[in-house]
Amino acid sequence: MKKKLLAVLCCVTMAAASLAGCSKPAANTDTTAAGAGTEAGTQAATEAQTGSETAGGAKIALITMDSIDQHWITLNDGAQKAAAELNVEVTFMSPNTKDDAQQIECVNNAVAGKYDAIIVAANGPDAISSALKEAQSAGVKIVYVDSPANVEAEATFSTDNKAAGQTAGEEMKKALEAAEVTSGKIGIINVNAATDSCVMREEGFRAAFEGTDFELLETQYGEGDAAKSQTIAENYITQGVVGIFGCNEGSTTGAGNAIKANGSGSIIGVGFDKSDAILNLIADGYLLCTMAQNPDVMGYEGVKAAVQAVNGESLGGAVTDTGVSVLTKDSAAGGSAPAGGSDVKASKEWKIALITMDSIDQHWITLNEGAQEKAKELGVEVTFMSPNTKDDAQQIECVNNAVAGKYDAIIVAANGPDAISSALKEAQTAGVKVVYVDSPANVEAEATFSTDNKAAGQTAGEEMKKALEAAQVTSGKIGIINVNAATDSCVMREEGFRAAFEGTDFELLETQYGEGDAAKSQTIAENYITQGVVGIFGCNEGSTTGAGNAIKANGSASIIGVGFDKSDAIQNLIADGHLLCTMAQNPDVMGAKGVEACVQALEGESLGGAVTDTGVSVLTK
């Protein structure tokens, strides 16, 4: 609340000095860096940080949609933390309200002030574009956070808003089904028709209700203002709605306040963003849940990317999903949402077993590195006791060994949803806490940290489609190499990939399974190539490496290879043009967050089984 008040006061003060009302509080250059930085940033941004420390003194302007919403204040907090670590100046010069003219004025002020870079959350994709192009012409680097404009930038850090909106819809549907409500009207409160992030959230939400008997009413716009949104929600309630969806912080707060004022316990309210007001409305039962983004991650990674760009590094316009968590009454009341980090402290040297699918793939090695770093920070012991190959029996043995060794918690990436379930239930009966990373089993756990695999798989499909269209290829066979038919994460990736090609003239061949082995996957890919495929999709590291090696051996530049995971071999295949791109997850984030969640659970905190999307990036040449 103090931060919010300070932001408002700064806006009022600076409004007198600026014709457009852009606030320009002093950069938080006295901030002392705490910890090793935000863990939920992408591998690409983290690993490409080389030389960032040499940009001391760089001036960076942070321009968000306004300077009042807690979402933007938290984003600024993350930016200031990175600024302190990298010894640069970040000035939060956002307007005091959502207004295109004021945001354009802020961009112009940054150019006039000779700032080296601008980090911006655009009100809409078009209004600010000319101002940003002029800034780029003046040599200013542009990085997007939360919501981009229609101008190419160095990098973008945002939520996969369509996927998150669909998750919001699914949460409402589940609650309505639990209440035995199978039809009725649902209201949607959005910011405006131009803000891309919120438009995509609405699109995802509506998609969740396709094919149902619910009637989604015409969207009403409240400009992100809680009072206006409350009035809209009250009007919806008079129409007898069974649910209301808010697309941002103000919309969600307004919807919750209207439901509270109405006193009805039958209207399901679901929204976006995390603030004290929203968490209180969830805790009191007036909202079902909210999709909590990671604005601190956006701000932190945005500054890092801006510094890299100022230093002359090329980020290739990479778009990074910074993840989202579903916050329900349990997590709101507990006050700790795993996605947002915590001040968790370990009261003793807890013993935690880390059991992944194997101990060889670089994906799992990186996950272990993230876990070990967090373990050292928290003063706990993490033992990497994974099998040397993907094998259910070996993984079950690892779980049993952890129980016999009296480990306090197990972090596990399940080979499949069922095979390991009995062993995990026995572990829980013995008092062992269970946390999932990457791929869960069919047993309830304290928390799960994974990629939204279906959404990421669909992104992979869209990338292949774009490349085929660019090559004027509108039909043909496409091969898919998966690990097996049981590993949930990879099954969902395939499902998303196939969804991207629905309604096209492409023929997706029957999936072949290589057990994640690069050599087996290469043989499968070579067989696909003999069938004249135009594209091959690999669902994990081994599958992708095998596909790329087969395309390389064939010597054809016309076969589009797209895959998953990030390793030296995959990156080399992309750099040499044998693969188009890969969906790079954040296994280090999974590992770090997994350890943190174990400690929280062992210290008596309830995490409510929260599922956290740890994000993905599209890595191209």
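Where a number appears in this text, it was derived from the coordinates with a stated rule and is not lab data. Only a predicted model underlies this, so the values are computations on that prediction, with no experimental measurement involved. Don't worry about glycine lacking a Cβ; one is built from the backbone with ideal geometry, like all the others, and counts go over all protein chains shown.
Which whole-number percent is the relative contact order of the chain (Cα, under 8 Å, 6+ apart)? The value is 12 percent.
By the count of other C-beta atoms within 10 Å, a proxy for reagent exposure, THR544, THR159 are ordered fewest to most as THR159, THR544.
Let me know the shape class of segment 453-584, please: from the alpha-carbon gyration tensor, a ≥ b ≥ c as square roots of the eigenvalues, rounded when a/c is under 1.5, otherwise prolate if a/b is greater than b/c, or oblate. Rounded shape, in that the Cα axes give a/c under 1.5.
For segment 161-293, the number of Lys pairs separated by eight or more positions or lying on different chains, with C-alpha atoms closer than 23 Å, is 15. Counting only residues at least eight positions apart within a chain, or on another chain, the lysines with an alpha carbon under 23 Å from that of LYS351 are LYS374, LYS376, LYS406, LYS425, LYS433, LYS593. Here the residues GLU202, GLU495, ranked from fewest to most Cβ neighbours within 10 Å of their Cβ, fall in the order GLU495, GLU202.
Using the Cα centre as the reference, give the magnitude of the dipole from point charges on the C-beta atoms of segment 334-470 (Lys, Arg: +1; Asp, Glu: -1; all else neutral), rounded to the nearest 20 debye.
300 debye
Using C-alpha pairs under 8 Å with a sequence gap of at least 6, the mean separation divided by the residue count of segment 161-293 gives a relative contact order of 25 percent.
Using the rule -39500 (n - 2.57) for each DSSP H run of four or more residues, divided by the residues of the chain, the 222 nm mean residue ellipticity is -13500 deg cm²/dmol.
With the Cα gyration tensor of the chain giving a ≥ b ≥ c as the square roots of its eigenvalues, does the rule (a/c under 1.5 for rounded; else a/b larger than b/c for prolate; else oblate) give rounded, prolate or oblate? Because its axes are fairly even, with a/c under 1.5, the chain counts as rounded. The number of Lys pairs in segment 453-584 with C-alpha atoms less than 20 Å apart, excluding pairs fewer than 8 positions apart on the same chain, is 9. Counting beta carbons within 10 Å around each of THR366, THR156, THR523 and listing the fewest first gives the order THR523, THR366, THR156. Remark: the Cα gyration tensor places segment 161-293 in the rounded category, a/c being less than 1.5.
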